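Here's the structure we're looking at; comments come further down.
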Amino acid sequence: MKLRLITICLLFFQIYCTKDKDNTQQLLATAAIVDLVTSPFTRITPKPGTFTTQVDHGATPYTYTATFDPKCSGTEGNVDFYFFRKTVAANNKKLLINFMGGGACWDNANCFGSNTVTYFNQLNVIPDFALDLIFKGVIDQSVAENPFRDYDIIFVPYCTGDLHIGSKDKTYTSGTIKHHGYDNVISVLKFIQSSYPQLDRVFVTGQSAGGYGAILNYPIIRETVTTIDSGAQVRMLSDASNAVVPTAAYALSNPAFFPLLESSWGVETNGIGSGTGFSNSNLPIWVNGISANYTTGGSPSINDFFKKVATEYPGDVLGQYTALFDGNQRFFYHTMGQINKINNSVLTYSTATTPDPYQAGKSYSVIYGDSDGSSVPDGSSSSSNDYTTCDWSKQAVSKMKDAATKTNYRYYIGPGDVHTITTYNDMYSLNSGGVNFATWLNTLANGASPPANVQCNDSSGSCVNTNLFDSTINGNFGAAISDQAYGSNPRLDLYTTCGEAAGIGL
């Protein structure tokens, strides 16, 4: 095991730490060698095809069809989509579907360029056994407390930059990205149809971009599963996917994020789904309130989507998790603002980097900052819609509490700034508001009724002194803090900076 771990760590160091764009073939060769190590997961490479299932919601049940073309984008040669399956029992009726995360891109400014690509584009370089070594948490079935210890696993990798919902070859100034995440998802569902003639329990989850994939695709997954077995219990958790994004109400001209799901990723008119009353859409039109132009008209949001899906499926249980100061989500919120400035000629695009002022040997994009969110401006409890840390946390809490007006929706707001929890074994020791996360998740997935909502709410430090990024500033200060606050006098943790409970909205 130690040899395998050292090997994979060396490989990831080569992939992510090199600045040489010409060594891709060398990395691929290295991956091929280390991939000789066995994996408990079986790789499945789907081919283009046609998918059908029944949709029984709405006025009239109908047959849903989709002609899919699985694809990836990324480094040279990184074009093949594949997914993984782990079987733990013959004829298993329990299934965990996990969507991998890895950022997103929707603009020339963050789909390309050294130091400015913001989505995972190296899928075909990573050896298969990395799945078993790198991803733990809900995937680690050696842990007795794992709620999914006896579930088969379908792991859906991410390589399209579109939150698992696109079906478009988008040509930007610097090249073309194959945003075919929805095609990939549909290919997985076709496999599930052929491999699971009976299903008792299905749990859908995903981390970061995968968390969006989990909720955005939940309706079609749910319809597929209940077409296979009408009595199946289907539930889900979106991990670190709160969608605090720019809206037209407060940013520069034409900045709203949700219309980009159509213009960049093709979810409305370039989609692949068809059914009674609609065609060429990746949206679940059968869900009441999700219209054919949901992303381009009205006031779309992830918490609104959650509420509409919860209403459509009142017998299901839907959940969300986030750390209160999730650094990577703060980073993307700030990045969205920077891209809007670039497109409005307020900021000049650059691939340059700047040294981290508090972490020796580390640098990050001069325009986007550090992906752990430490370089994002703090703001304050009174700041509003300005891409700051406090604004992100305040909106994340507000949106989750708004979704919680639905009785079958639950949230768990954890402490700290670490991004995602469900593929780390830290999930088994994480506590918030006196509630263990793994215990809460087990009730969400398998309980007779949903668990209570959970939040860190103790001003003595429970929101900032655990679940921390391993950074110099967090380590020295002993709590979640930002570069801005660390360089100030007095130094204040993020919870205090953002106005403690009342300022954040807990």
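The values are calculated or read from the model by the stated rules, or taken from the named source; none is laboratory data. What you see is a predicted model; the values in this text were computed from it and never measured. Ideal geometry is used to build each Cβ from the backbone, glycine not excepted, and the neighbour counts take in all protein chains shown. Note: areas computed on protein heavy atoms with side chains; ligands, DNA, RNA excluded. Shrake-Rupley method; radii C 1.70, N 1.55, O 1.52, S 1.80 Å.
Specify the residue that is surrounded by the fewest Cβ atoms within 10 Å (Cβ to Cβ); the eligible residues are those in the range 291-312 that are part of a loop (DSSP other than H, G, I, E, B) and touching a helix residue (DSSP H, G or I) at 6+ places or on another chain (Cβ under 6 Å). Before you say what the answer is, go through the steps one by one.
Filtering the range 291-312 down to residues part of a loop (DSSP other than H, G, I, E, B) leaves 291-301.
Retained after the next criterion (residues that are touching a helix residue (DSSP H, G or I) at 6+ places or on another chain (Cβ under 6 Å)): 295-296.
Values: Thr295: 24, Thr296: 18.
Across the range 291-312, the extreme among qualifying residues is Thr296.
Residues that are open to solvent by 30 Å² or more (accessible area, probe 1.4 Å), modelled with pLDDT of 95 or more and under 21 Å from Asp200 (Cα atoms) do not occur anywhere in the range 236-255. Out of Asn465, Asn474, Asn446, report the one residue that is over 25 Å from Thr388 (Cα atoms), under 27 Å from the mean Cα position of the chain (by Cα) and not aliphatic (A, V, I, L, M). The unique qualifying residue is Asn446. Just for the range 397-429: of the residues that are open to solvent by 10 Å² or more (accessible area, probe 1.4 Å) and of a type in the set (Gly, Ala, Ser), which one is farthest from Asp140 (Cα to Cα)? Filtering first and then ranking leaves Ser398. For the range 475-483, indicate whether the set of residues that are open to solvent by 20 Å² or more (accessible area, probe 1.4 Å) and in contact with a His (Cβ under 9 Å, 6 or more places away or on another chain) is non-empty. No, that holds for no residue. Checked against (1) among the hydroxyl-bearing types (Ser, Thr, Tyr); (2) open to solvent by less than 50 Å² (accessible area, probe 1.4 Å); (3) free of Cβ contacts under 8 Å to residues at least 40 places away in the same chain; (4) within 18 Å of Leu324 (Cβ to Cβ), Thr443 passes all but condition (4).
Looking only at residues in the range 132-157 that are in a helix (DSSP H, G or I) and over 17 Å from Leu441 (Cα atoms), the one that is least open to solvent (accessible area, probe 1.4 Å) is Leu133. The sole residue among Asp128, Asp107, Asp162, Asp152 that is closer than 30 Å to Thr439 by Cβ and of a type outside the set (Phe, Trp, Tyr) is Asp152.
Could you tell me whether any residue of the range 451-459 is hydroxyl-bearing (Ser, Thr, Tyr) and either outside any loop (DSSP other than H, G, I, E, B) or modelled with pLDDT under 95 (or both)? The answer is yes; a qualifying residue exists. Return yes or no: is Asp128 more than 19 Å from the chain's Cα centre (by Cα), open to solvent by 30 Å² or more (accessible area, probe 1.4 Å) and among the acidic types (Asp, Glu)? No: the conditions fail for Asp128.
Let me confirm something: among Ala438, Ala485, Ala448, which residue is assigned to a loop (DSSP other than H, G, I, E, B) and either at pLDDT 95 or above or under 30 Å from Arg149 (Cα atoms) (or both)? Don't jump to the end; show me each part of the working.
Values: Ala438 fails: assigned to a loop (DSSP other than H, G, I, E, B); Ala485 fails: assigned to a loop (DSSP other than H, G, I, E, B).
Checking each option against the conditions leaves just Ala448.
In the range 352-369, which residue that is out of contact with any Lys or Arg (no Cβ under 8 Å at 6 or more places or on another chain) and either of a type in the set (D, E, K, R) or not in a loop (DSSP other than H, G, I, E, B) (or both) is nearest to Ala109 (Cα to Cα)? Break it down stepwise before answering.
Taking the range 352-369 and keeping what is out of contact with any Lys or Arg (no Cβ under 8 Å at 6 or more places or on another chain), we get 352-354, 357-369.
Still in the running and either of a type in the set (D, E, K, R) or not in a loop (DSSP other than H, G, I, E, B) (or both): 353-354, 362-365, 369.
On the way: Thr353: 15, Thr354: 17, Lys362: 22, Ser363: 19, Tyr364: 15, Ser365: 12, Gly369: 14 Å.
This residue is Ser365.
Restrict the check to the range 174-182 and report whether at least one residue is basic (Lys, Arg) and crowded, with 23+ Cβ neighbours inside 10 Å. Scanning the range 174-182, I find at least one residue that is basic (Lys, Arg) and crowded, with 23+ Cβ neighbours inside 10 Å, so the answer is yes.
Is there a residue in the range 402-415 that is under 24 Å from the mean Cα position of the chain (by Cα), assigned to a loop (DSSP other than H, G, I, E, B), in contact (Cβ under 8 Å) with a residue 24 or more places away in the chain and closer than 14 Å to Leu324 by Cβ? Yes: one or more hits.
Give the residues of the range 44-88 that are part of a loop (DSSP other than H, G, I, E, B), over 26 Å from the mean Cα position of the chain (by Cα) and among the polar types (S, T, N, Q), sorted by residue number.
Of the residues in the range 44-88, the ones part of a loop (DSSP other than H, G, I, E, B) are 45-48, 56-61, 69-82, 87-88.
Next cut, over 26 Å from the mean Cα position of the chain (by Cα) only: 56-61.
The one that is part of a loop (DSSP other than H, G, I, E, B), over 26 Å from the mean Cα position of the chain (by Cα) and among the polar types (S, T, N, Q): Thr60.
A single member of Asn91, Asn110, Asn124 is more than 16 Å from Pro40 (Cα to Cα), of a type outside the set (Ser, Thr, Tyr) and assigned to a loop (DSSP other than H, G, I, E, B), and it is Asn91. If the condition is being open to solvent by 20 Å² or more (accessible area, probe 1.4 Å) and either among the basic types (Lys, Arg) or on the phi > 0 side of the Ramachandran plot (or both), then the range 341-396 contributes Lys341, Ser345, Gly361, Lys362, Gly379, Asn385, Tyr387, Lys394. Would you check if there is a residue in the range 200-220 being in a loop (DSSP other than H, G, I, E, B), at pLDDT 95 or above, within 23 Å of Lys71 (Cβ to Cβ) and out of contact with any Pro (no Cβ under 8 Å at 6 or more places or on another chain)? The answer is yes, given that some residue of the range 200-220 is in a loop (DSSP other than H, G, I, E, B), at pLDDT 95 or above, within 23 Å of Lys71 (Cβ to Cβ) and out of contact with any Pro (no Cβ under 8 Å at 6 or more places or on another chain). Does Asn23 satisfy the condition of being under 25 Å from the mean Cα position of the chain (by Cα) and either within 30 Å of Val346 (Cα to Cα) or at pLDDT below 95 (or both)? It is false that Asn23 is under 25 Å from the mean Cα position of the chain (by Cα) and either within 30 Å of Val346 (Cα to Cα) or at pLDDT below 95 (or both). Exactly one residue out of Asn98, Asn110 is within 14 Å of Tyr82 (Cα to Cα), polar (S, T, N, Q), at pLDDT 95 or above and surrounded by 23 or more Cβ atoms within 10 Å (Cβ to Cβ): that is Asn98. Hey, does the range 252-273 have a residue that's among the hydroxyl-bearing types (Ser, Thr, Tyr) and either touching a Ser or Thr at 6+ places or on another chain (Cβ under 7 Å) or under 18 Å from Pro157 (Cα atoms) (or both)? No - not one qualifying residue is present in the range 252-273.
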